[in-house]
Amino acid sequence: MDTESTYSGYSYYSGRSRGSHRHGERSRDRDRHKSRNKDSRSEKSVTINTPPAEPLLGDSSVRGEQVQDDNWGETTTAVTGTSEHSLSQEDIVRITKDLEDSVGLDCRRYFTLTLAVILGLLVFLTPLAFLVLPYILWPEKLQTCGTACEGLFISVAFKLLILLLAVWALFFRSPRAGLPRVFVFRALLAVLVLLFVMSYWLFYGVRILDTQDENYQGIVQYAVSLVDALLFIHYLAIVLLELRQLQPCFSVSVMRSTDGEKRHYNLGQLSIQRAALAILEHYYCDFPVHNPALLSASKSRAAKHLAGLKVYNVDGPGNNAAAGMAHSQSRAMIAAAARRRDTSHNELYYEEAEHERRVRKRKARLVVAVEEAFTHIKRMQEEDQKKTPGDVMDPREAAQAIFPSMARALQKYLRTTKQQHCHSMESIQQHLAFCITNNMTPKAFLESYLSAGPTLQYSRNHWLARQWTLISEASVTSGLSDGSIFQLKCVDFSLVVTTKKIPYIQMSEEYIDPKSHKFVLRLQSETSV
Amino acid sequence: MSNFMPGQPLVAVVQRIEIKKLRQGENLILGFSIGGGIDQDPGQNPFSDDKADKGIYVTRITPGGPADAANLRMGDKIMQVNGYDMTMMTHDQARKRLTQKKEDVVRLLVTRKSLEEAVKTSMGGCYPRQ
């Protein structure tokens, strides 16, 4: 019975399929799964969530198989799994990558966190130690602390409190990302603070502990000077870490490699890795979501170009001029392609016009269906509650009630614009409930389906790229400079970033006296004599 | 109408034109219109080569009038009227010079581009340019 069911579905698609066999099978299964998800116990088929990008060679290789469509029974293998949830090879690769990277990242993160905590404790406890140690070690020799000295205690206490709050505000925030290399400025600041505190301890140890100085006020003033210097180092940290990159210095243009979406941002003086982080955060908020289904048309055109010509090596496998042979082969191909009468531009034009028309028609149907669906629901007023207590629904039930009337039109529209994998039925119903709750019009409900929104607005499995790789010729801790180019690669595509420096502007002034605005008439008279 | 340098003597090829005024009722008319002057805008003069030239130019000739009969042409620059220099005159002063009621005849010295070229071709290229 299993083979029967696969057979009937397959023959319907075999005549129409132009892509690979696997793609046809998958879409059929997905449709079936969607339409009869209640009684699909007997459905033994593979459901795969996202269609991967079509491999270019895969298209040309199965082209030969299309001719032998009648013998599909012998040549294809029907994939039957025993469960409905199975993973493709890509998912497995992705999961293992996530695992190993998350372990490595956590180790580094905890390491830096412990270092930072140790340094912070050292810094915070040092002034207190300076103040307390004389009382512990030589209490009888110490001069009593006068009023000025006690006043200094208050100053130390408050400065330490301010320092604590400032350090907490600047440094102890949850990290936004894990960067490939060490953050240079922070490392430098940590080293500076360490050296500073070490030198103070050295001085204290030699001049005060060894000689057991009795002048307690001097010791307190020494501790106060330490805290002051620490506050100044914190000021330096703010300037280096936060203020320096605020003023825009560079204009970066970010272009996605698959569909050419381009945006421009202004960045200050940052290292390449920090600039990459800023760009990625902007990417998630600004760029429309990456839709691989929109690229299949250009790929099939490219495949047609490649498959049109075949170059044969008539002279046999001659190794001596192998490179020259390849050269002349490619040149022959290009020349032949130029001479051949290519009408693919014509096809493209008519195809695009037809597609445009189809999209507009489906959109019109969709808009009408949604508007009609929304008229079936009305928000219940307080006085109605007493009159008709029956059949009161919460937003979720209301959404489920009106969804079937627009589901078909919406699904057809999404399929025409190749967005069907971005929106699951559950998410559409959730969005509908949300719109109903907030008194939105049908047009507002439809907006999120008519145009592709930024990546952040979609569900988690569309943030497919949580793992980004920074590819750069310059060192990633070096600063941005004019003309630096680097790439941010993820599994499906890459973002190419180029920088340009904002030019130095030389402005001069010109003073205009308000009384200098004077005008004369332009005369051109003609007199006859 | 060669380029003039303010302050330098101007050298030009001129033609003497004598116009007899025609009596029309009370007025004595010459039959042409003038434009230009040091108080006017020289950039709007369609006849001058040098758009900074503020001289007096003939802008219109009444066909069949005394000026037409005397061979005055449109676009001529008037250099002298009856011995008086017209190159540095206001428009009104020029008008007054030409419409003196006591004079019946005005003797003009006018210059035009074609004069210079004619002299050049007749002398066969040995024309001393300044």
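Observations
- Qualifying residue in region A:466-473 (condition: part of a loop (DSSP other than H, G, I, E, B) and of a type in the set (A, V, I, L, M)): no
Residues are listed down the side, and each one gets a yes or a no for (1) assigned to a strand (DSSP E or B); (2) among the aliphatic types (A, V, I, L, M); (3) under 24 Å from B:Lys102 (Cα atoms); (4) in contact with an Asp or Glu (Cβ under 6 Å, 6 or more places away or on another chain):
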site	(1), (2), (3), (4)
B:Met5	no, yes, no, no
B:Leu10	no, yes, no, no
B:Val13	no, yes, no, yes
B:Ile17	yes, yes, yes, no
B:Arg23	yes, no, yes, no
B:Leu28	yes, yes, yes, no
B:Ile34	yes, yes, yes, no
B:Gln40	no, no, no, no
B:Gly43	no, no, no, no
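- Flag if B:Arg97 is within 13 Å of another protein chain (Cβ to nearest Cβ), of a type outside the set (A, V, I, L, M, F, W, C), surrounded by 20 or more Cβ atoms within 10 Å (Cβ to Cβ) and under 14 Å from the mean Cα position of the chain (by Cα): yes
- Selected residue (only one of A:Gln457, A:Gln419 is buried (at least 17 other Cβ atoms within 10 Å of the Cβ) and either closer than 23 Å to A:Lys363 by Cβ or among the acidic types (Asp, Glu) (or both)): A:Gln419
- B:Val81 vs. criteria away from every other protein chain (no Cβ under 12 Å), more than 15 Å from A:Glu526 (Cβ to Cβ) and in contact with a Leu (Cβ under 9 Å, 6 or more places away or on another chain): no
- Members of region A:248-286 found to be open to solvent by less than 20 Å² (accessible area, probe 1.4 Å) and modelled with pLDDT under 90, listed by number: none
- Within region A:242-268, the residues that satisfy the criterion of being touching a strand residue (DSSP E or B) at 6+ places or on another chain (Cβ under 6 Å) and part of a loop (DSSP other than H, G, I, E, B) are A:Pro248, A:Ser257.
- Any hit, region A:189-199, residues being part of a helix (DSSP H, G or I) and at pLDDT below 90: no
- Which numbered condition B:Thr90 misses (of (1) within 13 Å of chain A (Cβ to nearest Cβ); (2) open to solvent by 60 Å² or more (accessible area, probe 1.4 Å)): (2)
- Picking from residues in region B:36-45 that are facing another protein chain (nearest Cβ under 7 Å) and touching a residue at least 40 places away in the same chain (Cβ under 8 Å), the one that is least open to solvent (accessible area, probe 1.4 Å) is B:Gln40.
- A:Ser528 meets all of the listed conditions (1) hydroxyl-bearing (Ser, Thr, Tyr); (2) within 14 Å of another protein chain (Cβ to nearest Cβ); (3) closer than 24 Å to A:Arg263 by Cβ but one, namely (3).
- For region B:48-65, a residue qualifies if it is of a type outside the set (S, T, N, Q), open to solvent by 60 Å² or more (accessible area, probe 1.4 Å) and within 13 Å of another protein chain (Cβ to nearest Cβ), and the qualifying residues are B:Lys51, B:Lys54, B:Arg60.
- Verdict on B:Asp68 being within 14 Å of chain A (Cβ to nearest Cβ) and open to solvent by 60 Å² or more (accessible area, probe 1.4 Å): yes
The values are calculated or read from the model by the stated rules, or taken from the named source; none is laboratory data. These numbers come from a predicted model, not from an experiment. Glycine gets a Cβ as well: all are built from the backbone with ideal geometry, and neighbour counts include every protein chain shown. Note: accessible area is taken over every heavy atom of the protein model, side chains too, but ligands, DNA and RNA are not part of it. Shrake-Rupley method; radii C 1.70, N 1.55, O 1.52, S 1.80 Å.
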